[in-house]
Amino acid sequence: MLRLRFLWLILALVVVSALFLTLEAKGSWSFTLWFRGQKLASLLLIGAAVSTATILFQTITHNRILTPSIMGFDALFLLILTLMIFGMGAGAYAQVPKVTLFLINLILLTLASVALFTLLLRDQRSDLMRMVLTGIILGVLFRSLVLFIQRLIDPSEFAVLQSTSFARFNKADPDLLLVSAVLVCLAGGAIWRMRHRLDVLALGEVLPVSLGADPRRGQLTVLMLISVLVSVSTALVGPVAFLGLLVSSLTYRVIPSWHHGHILPAAILIGGITLVGGQLVLERILHFETPLAVVVECLGGLVFLILILRKGST
């Protein structure tokens, strides 16, 4: 049964990818395939990174509503970006090579997110609501600092900040794809090797210890990998709050399994189908100018409310 569902997911991803590359293609095929192929690669890369990070975060928190973004990660990205533009100035910021800027963002986000997640998960694991509220409060604090700094910067710096702080799946720089792909593949390989340990970590706090596992060490390792994946996706296209929640909810519906050897590949496939299929419908079929991130955030927000209300009713 699961094998058949995987085959349908693979077939769906192949079909939407082929349509994305060829539908309404005009002019030189070599240029069209190269140009659209770069977009396709960036969409698949972002889908894999965000969906995998969300599944891992929900595993170690034992909650299928939480995502790294809800815990204040997007606000942290905006704060770092605002501080960089405020400290360097818009002109100096624009002169920094894209690869250098990407690596600076990646390193700062990784270090800051590891510190943030470690702080949130250190003492409040037994009180989930307190941990969520702590993350939300930190997010509000970061956004307040961003608004305060925005009042101090000049209009040109504010314009640069606005153009770089919104998620756009089409703005991924082709020069950064190779670096991002290498980092995501390295993190993905490490995650795949510990997929059986993830099954044990998902059992809770007590059972992993009785099985001889060290949950504390496993959680910190997973947090490091989550930080790398989320930092890569955020530095590449900007903050995306609800994409991971939308993909993980669909994954749990399509693949009813607790084994991460099944859940993780399915989440990567569904993440790719969501982004590539959504971009295909908006660009090639509906011919809308609306960014895909807006639609994904709306749908993900609705899923979040539904999960909250359903959890409250039970």
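Identify, from the list I308, I226, I273, the residue that is under 16 Å from the mean Cα position of the chain (by Cα) and open to solvent by 20 Å² or more (accessible area, probe 1.4 Å).
I273
Quick one: in segment 2-50, of everything that is more than 22 Å from S249 (Cα to Cα) and among the charged types (D, E, K, R), which residue is most open to solvent (accessible area, probe 1.4 Å)?
Taking the candidates together, the pick is K26.
Quick check: is even one residue across segment 112-125 at pLDDT below 80, over 28 Å from Q162 (Cβ atoms) and not in a helix (DSSP H, G or I)?
yes
Could you tell me which residue of segment 257-270 is nearest to I55 (Cα to Cα), considering only residues that are assigned to a helix (DSSP H, G or I) and open to solvent by 50 Å² or more (accessible area, probe 1.4 Å)?
Only one residue tops the list, namely I268.
Can you pull out the residues in segment 53-77 that are farther than 22 Å from P208 by Cα and buried (at least 22 other Cβ atoms within 10 Å of the Cβ)?
Across segment 53-77, the qualifying residues are T67, P68, S69, M71, G72, F73, D74, A75, L76, F77.
Could you say whether any residue in segment 197-218 is in contact with a helix residue (DSSP H, G or I) (Cβ under 6 Å, 6 or more places away or on another chain), of a type in the set (K, R) and at pLDDT below 90?
For segment 197-218, residues in contact with a helix residue (DSSP H, G or I) (Cβ under 6 Å, 6 or more places away or on another chain), of a type in the set (K, R) and at pLDDT below 90: present.
Which numbered condition trips up T290, out of (1) part of a helix (DSSP H, G or I); (2) within 17 Å of G238 (Cβ to Cβ); (3) open to solvent by 30 Å² or more (accessible area, probe 1.4 Å)?
(1)
Considering only segment 212-228, state which residues are closer than 15 Å to L111 by Cβ and aliphatic (A, V, I, L, M).
Those that are closer than 15 Å to L111 by Cβ and aliphatic (A, V, I, L, M): L220, L223, M224, L225, I226, V228.
The values are calculated or read from the model by the stated rules, or taken from the named source; none is laboratory data. Note that this is a predicted model, so its numbers are computed, not measured. Every residue, glycine among them, receives a Cβ derived from its backbone with ideal geometry; neighbour counts consider all protein chains shown. We work out accessible area using only protein heavy atoms, side chains counted, and drop any ligands, DNA or RNA first. Shrake-Rupley method; radii C 1.70, N 1.55, O 1.52, S 1.80 Å.
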